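Asks: Let me give you the structure first, and then I'll get to my questions.
The values are calculated or read from the model by the stated rules, or taken from the named source; none is laboratory data. Bear in mind that the values here come from a model prediction, so they are computed numbers and not experimental data. We place every Cβ from the backbone using ideal geometry, glycine too, and count neighbours over all the protein chains shown. Ligands, DNA and RNA are excluded from the accessible area calculation, which covers all protein heavy atoms including side chains. Shrake-Rupley method; radii C 1.70, N 1.55, O 1.52, S 1.80 Å.
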2 protein chains.
Amino acid sequence: MTSLGEAEFALLDQSWHDAITPDAARRMLIAAAQAFADKGYHATTTRDIAARAGMSPAAVYIHYRSKEDLLFQISKIGHERSLKLLTAVQDPDPADRMAATVAAFASWHAEFRTTARVVQYELGALSPEHHAVVAELRRKIETHVRVIVEDGVRSGAFQVPDQNGAALAVLSLCIDVARWYRPDGKRTPGEIGGLYADLVLRMLRPLG
Amino acid sequence: MTSLGEAEFALLDQSWHDAITPDAARRMLIAAAQAFADKGYHATTTRDIAARAGMSPAAVYIHYRSKEDLLFQISKIGHERSLKLLTAVQDPDPADRMAATVAAFASWHAEFRTTARVVQYELGALSPEHHAVVAELRRKIETHVRVIVEDGVRSGAFQVPDQNGAALAVLSLCIDVARWYRPDGKRTPGEIGGLYADLVLRMLRPLG
């Protein structure tokens with residue numbers, strides 16, 4: 001995994017400003033996301049995280065119980081933000097709603113690729129209790145997208161033989177942007193959102 | 001990341017039988033894939049790998065120069081196998097060829113999910129020289145899929161405004177199966193292949 005770029009770091013700090021206070025707790029969480037992205041969860045120590053945040057190792061434990069707790073907070077906030085992004089899209093027309101949802105979700109995974117990778121690839125390191133909390137958020141995200149597919153099929157805007165399978169593919173497509181997106185690549189996050197919204201509508205439209 | 005399941009381990013041993021000899025070298029490579037999947041590349045030592053393979057730490061260096069060399073071999077063989085899988089599909093009709101390619105590539109990423117995750121997520125840990133070798137294999141895989149899209153557009157079987165973008169999405173969809181696939185889930189690797197072949201053809205077909 002590549003290092004958390006300065007741009008994503010700044011965006012993250014801004015995006016998490018209200019969710020995590022005081023500043024020291026947020027700084028530590030961003031340092032943890034950076035360290036996990038660079039070395040992987042298992043190779044990272046709380047000492048590494050403290051050093052990146054410019055704090056003492058003991059300071060970590062003022063705000064977090066453990067390294068796993070830091071991963072959990074990153075994962076929980078990441079999933080909550082995704083869900084909020086999806087539920088903010090309110091277009092009554094299912095095709096418009098799907099296009100806006102895919103555009104937002106795909107471009108978010110480009111913008112916050114490093115954090116998204118940590119969240120997606122280190123799920124197995126969460127404690128069973130924490131994993132259950134994140135799994136519940138994931139179910140809500142999945143249900144949200146499935147409902148748009150179902151609404152579209154009901155209205156005749158979409159036609160798919162396997163609605164769950166189509167919803168799964170739509171989510172997977174957006175999430176995997178975090179794996180391949182490069183900030184120095186050909187497409188901006190917004191352009192990827194537009195491309196993907198178009199491709200998903202093509203995939204779901206009724207056969208001619 | 002979850003532990004390499006016994007079924008995938010057995011499949012891998014079988015699949016890599018001709019590519020890696022002697023048996024001890026192959027056993028070590030599979031042990032390395034397991035260890036990287038469990039703990040991440042950076043948290044794994046050659047001692048861990050030797051212990052998993054039931055060999056002495058010194059035995060690792062008979063076959064591999066370093067831990068990074070093990071990762072490179074896994075990555076190289078994984079990419080070579082993917083490419084071979086794709087080039088084996090020979091249907092002259094672009095739609096048939098795309099369907100068979102997507103079915104094979106998606107189901108392969110379900111079967112070999114743990115290995116695929118290591119290969120995809122630890123690319124950043126390769127040395128620049130090794131990264132260049134793998135990047136060249138990735139370019140061949142991308143070109144292969146792009147050519148099918150181009151052939152389909154030329155024949156009128158497909159209609160997409162952004163051919164590179166469509167090829168990127170097709171590959172991304174298949175590769176991300178390795179992230180979400182669970183052997184105890186609702187769909188078999190073959191069923192995922194069938195579902196994805198259908199969705200991709202829907203995505204690429206001409207507008208009504």
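Asks: Lys and Arg at +1, Asp and Glu at -1: add these up for the other residues within a Cβ distance under 14 Å of residue A:17 and post the number.
Replies: 0
Asks: Here is a follow-up. What's the angle, to the nearest 10 degrees (0 to 90), between helix A:6-15's Cα axis and the longest principal axis of chain A?
Replies: It is inclined by approximately 80 degrees.
Asks: Tilt of helix B:23-39 relative to the longest C-alpha principal axis of chain B, in degrees (0 to 90, nearest 10)?
Replies: Between the helix axis and the principal axis of chain B, the angle is about 80 degrees.
Asks: May I pose another question? Just order B:33-45, A:154-166 by mean Cβ neighbour count inside 10 Å, highest at the front, would you?
Replies: The densest-packed peptide leads the list: B:33-45, A:154-166.
Asks: Other chains' Cβ within 10 Å of A:175-186 residues: what's the mean?
Replies: Mean shielding by partner chains, rounded to a whole number: 3.
Asks: What is the average number of partner chain Cβ atoms found within 10 Å of a Cβ in A:117-125?
Replies: Mean shielding by partner chains, rounded to a whole number: 3.
Asks: To continue, here is another question. Roughly what would the spin-label model give for residue A:140 and residue B:162, points 7 Å off Cα along C-beta, in nm?
Replies: 3.0
Asks: Turning to a different aspect of this structure: In Å², and per residue, what accessible area does the protein assembly as shown have when probed at 1.4 Å with the other protein chains present?
Replies: 42
Asks: Between residue B:147 and residue B:21, what is the spin-label point distance in nm, taking each point 7 Å from the Cα along the Cα→C-beta axis?
Replies: In this crude label model, residue B:147 to residue B:21 measures out at 3.1 nm.
Asks: Here is a further query. Percent of accessible area on the protein assembly as shown owned by carbon and sulfur, 1.4 Å probe?
Replies: Of the solvent-accessible surface of the protein assembly as shown, carbon and sulfur hold 54 percent.
Asks: Now for a different question. What 222 nm value per residue comes from the helices of the protein assembly as shown, counting each DSSP H run with n ≥ 4 as -39,500 (n - 2.57) and dividing by all residues, nearest 500 deg cm²/dmol? Could the numbers behind the result be given before it?
Replies: Working: 22 runs with 302 residues, N = 416.
Taken over the protein assembly as shown, the calculation gives -23500 deg cm²/dmol.
Asks: Report, ordered by chain and residue number, the lysines lying within cross-link reach of residue B:140, taken as a straight Cα distance under 28 Å and ignoring same-chain residues fewer than 8 apart.
Replies: Within reach: A:186, B:67, B:76, B:84.
Asks: Once each part is reduced to its C-alpha centroid, what is the distance from the range A:89-156 to the range B:34-68 in angstrom?
Replies: 37
Asks: Just to be sure I understand: if you take the accessible area of chain B alone plus chain A alone and subtract the pair, with a 1.4 Å probe, what total do you get in Å², rounded to 100? Provide the component values of the computation, followed by the final result.
Replies: On the way: alone 10250 and 10260 Å², together 17270 Å².
When B and A are taken together, about 3200 Å² of accessible area is lost.
Asks: Within 10 Å of each Cβ in peptide A:134-144, how many partner chain Cβ atoms are there on average? Round it to a whole number, please.
Replies: Details: counts 0, 0, 0, 0, 1, 0, 0, 0, 0, 0, 0.
Average neighbour count from other chains, rounded to a whole number: 0.
Asks: For chain B, what does the relative contact order come out to in percent, with C-alpha contacts under 8 Å and a separation of six or more?
Replies: Relative contact order for chain B comes out at 24 percent.
Asks: Using only the alpha carbons of the range A:68-206, what is the convex hull's orientation-averaged projected area in square nanometres?
Replies: Reported value for the Cα convex hull: 8.1 nm².
Asks: Give me D for the protein assembly as shown in µm² s⁻¹, whole number, from Stokes-Einstein with Rh from the Kirkwood sum over alpha-carbon pairs, 20 °C and 1.002 mPa s.
Replies: Once the numbers are plugged in, D ends up at 96 µm²/s.
Asks: Can you list the residues of the range B:19-59 whose accessible area drops by at least 10 Å² going from the chain on its own to the full set of protein chains, with a 1.4 Å probe?
Replies: Residues passing the criterion (a loss of at least 10 Å², heavy atoms only) are B:38, B:39, B:42, B:43.
Asks: Which stretch or stretches of the range B:102-130 have amide N atoms under 20 Å from the point lying 7 Å from residue B:191's Cα along the Cα→Cβ direction?
Replies: Residues B:102-114 qualify, since their backbone N sits under 20 Å from the label point.
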